[in-house]
Structures are given as C-alpha cells and as structure tokens.
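Peer 1: Structure below; questions to follow.
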Amino acid sequence: GTDGATNPGRGLRGIVFHTTAHSTKFRELSKDGHCTLTYINPGALSCVTFTCTAVRMSAEDEVALRRSWPLIPPLSILYPGGRAESDFTAWRCVPQSIQVVSVPLRLGESSSTAGWAAPGITRGKSG
C-alpha cells in the first residue's frame, strides 16, 4: 500500500482547488506538486500562506467536485465553450507549513528585521 511519503494526501482533507488541463499551473504541478497558496484579505490587511504538496485527485473525485461546484463563479465562465468536462482538473493540497500575517494584529512583525518571522505551523514527519 501507499503511505504518507508516496501519497501525502492520504487520510487528510487538505485544500482542494482546480485548474484547466491547458494551464502552466497544470504542467508545473504534474511535474512537481510542490506549491504555495496565498489567501489575501486586503480589507483586513492580512494573509495566510500555505506551503504544500499538491496531488491530483482521482477521475471520480474530479467529476464529483465539478458536479458539486458552487454557483460563484460558475464553471461556464472559467471553462467557456462547455470545456469544463474535458479541461477541469482537481487537486488536493496538503499543507506542510502555514504562515499568518496580520497588520492590525501585529502578527508577522518584530522590532528588528533580523527577528521578523510570520507565526507559523510546520507539519512534522509523523504528520
């Protein structure tokens, strides 16, 4: 069977996202699943960054995700011309580390640049 070393998403939900099979993102993830996802909230002057290993989901899971996709934004806008069925690829990103920066909460700053580091969590070898 597989374990966490060969299947980093096994048993973990992770962050699910999709991209077209014709994108640079798809080509890069297919070669090397290491990636970084950043969610920015400009109104709150905050962001969360995930350093991940992305694994392409099974064909069955891709179909289920595509069929259950929420209305906003509709897949017909993201995949024009009815190409969602042929071009849609789904990925699960299992975070290896998470960093949080918030200007109002003063997370991610210190009195010196040498000591600056965003607070974060790093996954241990045991998961």
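The values are calculated or read from the model by the stated rules, or taken from the named source; none is laboratory data. If you're wondering where the values come from, they're calculated on a predicted model, not measured in any experiment. Please note: Cβ atoms are built from the backbone with ideal geometry, for glycine as well, and neighbour counts cover all protein chains shown. In case anyone asks, the SASA skips ligands and DNA or RNA and just uses the protein heavy atoms, side chains included. Shrake-Rupley method; radii C 1.70, N 1.55, O 1.52, S 1.80 Å.
Peer 1: Across segment 36-74, what is the number of residues that are modelled with pLDDT under 90 and among the acidic types (Asp, Glu)?
Peer 2: 1
Peer 1: Now for a different question. Find all pairs meeting these conditions: Cβ atoms under 9 angstrom apart; at least six residues apart or on different chains; first residue within segment 43-70 and within 19 Å of Arg83 (Cα to Cα); second residue assigned to a strand (DSSP E or B) and open to solvent by 40 Å² or more (accessible area, probe 1.4 Å).
Peer 2: Arg56/Arg92; Met57/Val16; Met57/Arg92; Asp61/Val16; Asp61/Arg92; Glu62/Arg56; Leu65/Val16
Peer 1: I'd like the full set of residues that are over 18 Å from the mean Cα position of the chain (by Cα) and not in a helix (DSSP H, G or I), limited to segment 82-101.
Peer 2: Listed by number, the list holds a single entry, Arg83.
Peer 1: Give me the residue from segment 31-58 that is part of a helix (DSSP H, G or I) and open to solvent by 70 Å² or more (accessible area, probe 1.4 Å) and, out of that set, nearest to Tyr79 (Cα to Cα). Break it down into steps so the answer makes sense when it comes.
Peer 2: Looking only at segment 31-58, we keep the residues that are part of a helix (DSSP H, G or I), and these are 31, 42-44.
Filter again for open to solvent by 70 Å² or more (accessible area, probe 1.4 Å), leaving 31, 42-43.
Values: Lys31: 23, Pro42: 27, Gly43: 29 Å.
Step by step, filter segment 31-58, then rank; the result is Lys31.
Peer 1: Restricted to segment 78-127, and to residues that are at pLDDT below 65 and among the polar types (S, T, N, Q), which residue is nearest to Pro42 (Cα to Cα)?
Peer 2: Among those residues, the one meeting the criterion is Ser110.
Peer 1: Still on this model: Among the residues of segment 1-9, are any open to solvent by less than 30 Å² (accessible area, probe 1.4 Å), in a loop (DSSP other than H, G, I, E, B), modelled with pLDDT of 85 or more and not aromatic (Phe, Trp, Tyr)? Let's see the steps before the verdict.
Peer 2: Quick first cut of segment 1-9, residues open to solvent by less than 30 Å² (accessible area, probe 1.4 Å) only: 9.
This time we only want the ones that are in a loop (DSSP other than H, G, I, E, B), so: 9.
Now narrow it down to the ones that are modelled with pLDDT of 85 or more: none.
Among the residues of segment 1-9, not one is open to solvent by less than 30 Å² (accessible area, probe 1.4 Å), in a loop (DSSP other than H, G, I, E, B), modelled with pLDDT of 85 or more and not aromatic (Phe, Trp, Tyr), which makes the answer no.
Peer 1: Within segment 59-81, track down each residue that is closer than 29 Å to Val100 by Cβ and either in a loop (DSSP other than H, G, I, E, B) or touching a helix residue (DSSP H, G or I) at 6+ places or on another chain (Cβ under 9 Å) (or both).
Peer 2: The answer is Trp69, Pro70, Ile72, Pro73, Leu78.
Peer 1: Another question, then. Can you name the residue in segment 82-91 that is touching a residue at least 40 places away in the same chain (Cβ under 8 Å) and in contact with a helix residue (DSSP H, G or I) (Cβ under 8 Å, 6 or more places away or on another chain) and is also surrounded by the most Cβ atoms within 10 Å (Cβ to Cβ) among such residues?
Peer 2: Out of the qualifying residues, it is Trp91.
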